[in-house]
Amino acid sequence: MSAKNKKSELREKIAQQREEAARAAKRRKLFTQLGIVLGAIVVIGIIVAIVIVATSGQPDDASGDATPPAGQSATVTIGGAPVNLEITEKGIALGNPDAPVVIDLYEDYSCPHCQDYEAATGTTFLQIAAEGDALVNFNHINIVTQYGARAGSTSMCVAEGQPEQWTAVHSALFTNHGQSTNNWRTGSFKDFVEGLGVTDQDTLDCVFEGRYMSWVAANTDVAMSSGVTGTPSLWVNGQQPRDANGNAILLSSQDLFQTVAELANSN
């Protein structure tokens, strides 16, 4: 099979995996919304739940101050291809560490524009990382609402404890964001990722504790002080793509593939 056909097959597999993950996330969101409606009707159930939380000694929300284990890495499978996933000081690095192209994407799980960009190009970033020509850094920051801080912590927990689930969780956290989930507490995130197939108990505890929420806040401060002015923001080999007027822009899927190919072939 030619290299071109292999890339085409890989991209098709990744697209199928993303579609399946998106459908699962939508089903999960629907069940959550139904649960909210039923909970509003069955008032006694809410009262009992509050009593249980109050007496269990565990809060229904948290804001941990731990730092993710930068340097920890694992091999995950994307479209049937083995891909390196590494926890960094800023988030998650996906792809060949020695790739000739380095992409930095700053994203906030609570940012509507990030949600739109992920829906349009999320598969592309996975494909680029899987094909080996670029290392993609998914840098977690939070500007809009606390959903972003809790989701960012959740993402890092999954990358640390059950990395093979990270790409699906990353996508689902964006799909899941909306008015009905914007004020989710960490307990809801725990239930959410458990429904997506996260089973490792320490990972679930990490999500419930909001273990890396303070790290997300600190990471945001560092990013803003280094020139990030909003989300999503994109850098390719240290440079922001710009239009003819010099304004920073985001690249479409087609432009991402073309840019990576040109830079990889020039090295």
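Read-outs: derived from the displayed coordinates by stated rules, not from any lab. On a predicted model such as this, the values are computed, not experimentally measured, just so you know. Neighbour counts are summed over all protein chains in view; Cβ atoms, including those assigned to glycine, are modelled from backbone coordinates with ideal geometry.
Mind running the shape call on the stretch 67-126? Use the C-alpha gyration tensor, a ≥ b ≥ c as the square roots of the eigenvalues: rounded below 1.5 for a/c, prolate if a/b tops b/c, oblate otherwise.
Oblate.
Output wanted: per-residue J couplings in Hz (rounded whole) for the stretch 96-107, from phi through Karplus 6.51 cos²θ - 1.76 cosθ + 1.60, θ = phi - 60°, x for Gly and Pro.
6, x, 9, 4, x, 10, 10, 10, 10, 10, 9, 9
What does the charge add up to near GLN72, with Lys and Arg as +1, Asp and Glu as -1, over the other residues with Cβ less than 11 Å from its Cβ?
-2
Would you mind calculating the relative contact order of the stretch 126-239 from Cα pairs under 8 angstrom and at least 6 residues apart, reporting the percent as a whole number?
Over the stretch 126-239, the number comes to 34 percent.
Tell me whether the stretch 120-266 comes out rounded, prolate or oblate; compute the Cα gyration tensor, take square roots of the eigenvalues as a ≥ b ≥ c, and use a/c under 1.5 as the rounded threshold.
Cα axes put the stretch 120-266 in the prolate bin.
Can you compute 3J(HN,Hα) from phi for each residue in the stretch 73-87, using the Karplus curve 6.51 cos²θ - 1.76 cosθ + 1.60 with θ = phi - 60°, rounded to whole Hz and x for Gly and Pro?
9, 8, 9, 10, 10, 10, x, x, 9, x, 9, 7, 10, 10, 7
Mind ranking 121-134, 81-94, 201-214 by how tightly packed they are, going by the mean number of other C-beta atoms within 10 angstrom, highest first?
Packing order, densest peptide first, comes out as 121-134, 201-214, 81-94.
Shape of the stretch 154-233 from its Cα gyration tensor (a ≥ b ≥ c, root eigenvalues): rounded if a/c is under 1.5, otherwise prolate when a/b > b/c, or oblate?
Cα axes put the stretch 154-233 in the prolate bin.
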